[in-house]
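Structure, as structure tokens:
The values are calculated or read from the model by the stated rules, or taken from the named source; none is laboratory data. Since we're looking at a predicted model, the values are computed, not measured. Cβ atoms come from the backbone with ideal geometry, glycine included; neighbour counts cover every protein chain shown. Surface accessibility is based on the protein's heavy atoms, side chains included, excluding ligands, DNA and RNA. Shrake-Rupley method; radii C 1.70, N 1.55, O 1.52, S 1.80 Å.
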Amino acid sequence: MEIGKVPNELLEKIVFNNISLQRDEVLVRASIGEDTGVMDLGGDLCVVSTDPITGATKALGALAVHVSCNDAATKGAEPVALLLTILCPDGTGEKELEEVMKEAGEAAAEVNVEIIGGHTEITDAVTRMVLSTTVIARMKREHLYTYESIKLGDKVVISKWIGLEGTHILASELRGKLGDKFSQDEIQEAIDLGRHLSVVKEGIFAKKHGVKYMHDITEGGIYGAIWETGKAIGKGIDLFEDQLPVQDITKRICDHLGVDVRKLISSGSMIMVVPDESADNLIQGLDGLGVPSTLIAEVTEAGIFSVKNGDRKEIKSPGTDELYRALEI
């Protein structure tokens, strides 16, 4: 198998098919296109998600907090608590551990989530620091959406810009190699995109304004996220290539490295499926929050396609994220 997320076909064949027990308390369980599990434990619903950080070595603490909280935000849930596991390679110093925890603490304060526990260990099982987080969030049962109401012609809105997280990681990890082509100010601009990695704000807002489905754009980029969205909602999607929002610095770095920005990891961007008649109001409302958003796609009967200049190209199940190939350069 290749580096990166296990392909969706293998997830269904090997992982999901070996999960046999199902409890009544579980309302949303493991499936393609689902970022969270949802349980009814009495009172508010409990929304949980877990994620590791494996493709970066810089700003690990902040990334670890945001990726899990972003998953909870896909349900419009409020992150409450976070479990943080830190596996440090032999030789890690106190200063390195302290820096990671400082980043994690600041990011947690930013999204109002408390780090309540976890595990911290020095181990020869890893060659670099690996973080994994589990978020615990809450939401009202009446706010749990189902996908039956999604219909043909509904629109897909994206927050911020594609390739956001990937740009941040590439600039952070390859700063020395990019220095021959980009100024230090330009590299810092790309690194600073890391300030936009949270989608909690737009997730909670969109939930209150008619959204029918949300999915944050992680490994596989916008292509992977659109494919998974179609799989989850059981319908087709036409993705309008010409309307994809991309920061200029992202485009330039991707062009320089030969990276397809459409297949580049993009935590910080949220896909939102919304009724046709509500799309403009959602975009305007997010703009009022200081979150730029763009209409990029439309729900169709079947098939996941990229549409550009009248041409339609099928989008297939996502493979290895472009980030891993670029980091090998």
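Given a 1.4 angstrom probe, I'd like the percentage of the accessible area of the chain that is carbon and sulfur, rounded to a whole number.
Its accessible area is 50 percent carbon and sulfur atoms.
Restricting things to alpha carbons, tell me how big the stretch 164-262 is in terms of Rg and Dmax, in Å.
Cα only, the stretch 164-262: 15.7, 47 Å (Rg, Dmax).
Any chance you could run the full-extension gain for Thr50 through Gln184? It's 0.36 nm times the residue separation minus the Cα-Cα distance, nm to one decimal.
Working it through step by step, the gained length comes to 44.8 nm.
If Rh is defined by the Kirkwood formula over all Cα pairs and Rg also comes from Cα, what ratio Rg/Rh do you get for the stretch 190-329? Mind showing how you got there, number by number?
Details: Rg = 15.0 Å, Rh = 15.8 Å.
Radius of gyration over Kirkwood radius for the stretch 190-329 works out to 0.95.
Need the full-extension length gain, Glu12 to His256, defined as separation in residues times 0.36 nm minus the C-alpha distance. One decimal, nm.
84.2 nm is the gain from fully extending Glu12 to His256.
Net charge within 15 Å of Asp242 by Cβ-Cβ distance, Lys/Arg positive one each and Asp/Glu negative one each, not counting Asp242 itself?
My count for the surroundings of Asp242 gives +1.
Each label point is 7 Å from the Cα along the Cα-to-Cβ direction; what then is the distance between the points at Lys308 and Gln284, in nm?
Between Lys308 and Gln284, the label points sit 3.2 nm apart.
Based on Cα coordinates alone, diagonalise the gyration tensor for the chain, multiply each eigenvalue by 5, take square roots, and list the semi-axes in whole Å, largest first. Walk me through the numbers before you get to the answer.
On the way: eigenvalues 165, 130, 74 Å².
Working from the Cα gyration tensor, I get semi-axes of 29, 26, 19 Å.
Could you work out how far apart the two model spin labels at Arg138 and Asp40 are, taking each label as a point 7 Å from the Cα in the direction of the beta carbon, and quote it in nm?
1.8 nm
Keeping to pairs on different chains or 8 or more places apart, tell me how many lysine pairs in the stretch 69-190 have Cα atoms under 24 Å apart.
The result is 4.
Sort the following peptides by mean Cβ neighbour count (other Cβ atoms within 10 Å, averaged over residues), highest first: 111-121, 9-19, 199-209, 234-244.
199-209, 234-244, 111-121, 9-19
Please report Rg over Rh for the stretch 103-165, where both radii come from the alpha carbon positions and Rh follows the Kirkwood definition.
Details: Rg = 18.6 Å, Rh = 16.9 Å.
In the stretch 103-165, Rg relative to Rh is 1.10.
Take the alpha-carbon centre of the stretch 131-193, take the same for the stretch 59-109, and report the distance between them in whole Å.
The two parts, judged by their Cα centres, are 16 Å apart.
In whole Å, largest first, what are the principal axis extents of the Cα atoms in the stretch 29-130?
Taking the Cα atoms of the stretch 29-130, the three principal extents are 45, 28, 21 Å.
Residues of the stretch 34-55 with backbone nitrogen within less than 16 Å of a virtual label 7 Å along the Cα-to-Cβ line of Val26, please, listed as ranges.
Inside the label zone: 34-41, 46-50.
May I ask which residue of Gly117, Ser31, Ala302 lies farthest towards the positive end of the charge dipole of the chain, with charges of +1 (Lys, Arg) and -1 (Asp, Glu) on Cβ and the Cα centre as origin?
Looking along the dipole axis, the top candidate is Ala302.
Grab the other residues whose beta carbon is less than 15 angstrom from that of Leu27, score K and R as +1, D and E as -1, and report the net.
Details: positive: Arg23, Arg29, Lys75, Arg138, Lys140, Arg141; negative: Asp24, Glu25, Glu34, Asp35, Asp40, Asp44, Glu142, Glu148.
With Lys, Arg at +1 and Asp, Glu at -1, the neighbours total -2.
Kindly report the accessible area of the chain per residue (heavy atoms of protein chains, probe 1.4 Å, no ligands, DNA or RNA), in Å².
Accessible surface, normalised per residue, equals 47 Å².
Which order, highest average first, do 80-86, 185-191, 142-148 follow once you tally other Cβ atoms within 10 Å for each residue and take the mean per peptide?
Ranking, from highest mean packing down: 80-86, 185-191, 142-148.
Students often get this wrong: which residues of the stretch 146-167 have the backbone nitrogen under 19 Å from the point 7 angstrom along Cα-to-C-beta of Lys58?
163-167
Calculate the dipole size of the stretch 224-278 relative to its Cα centre from +1 charges on Lys and Arg beta carbons and -1 charges on Asp and Glu beta carbons; express the result in debye to the nearest 20. Before the final figure, lay out the partial values.
Details: 6 positive and 9 negative charges, 57 e Å.
The calculated dipole for the stretch 224-278 is roughly 280 debye.
Work from the charge dipole of the stretch 111-249 (Cβ charges, +1 for Lys and Arg, -1 for Asp and Glu, about the Cα centre) and give the residue of Val211, Ser132, Ser159 farthest towards its positive end.
The residue sitting most towards the positive pole is Val211.
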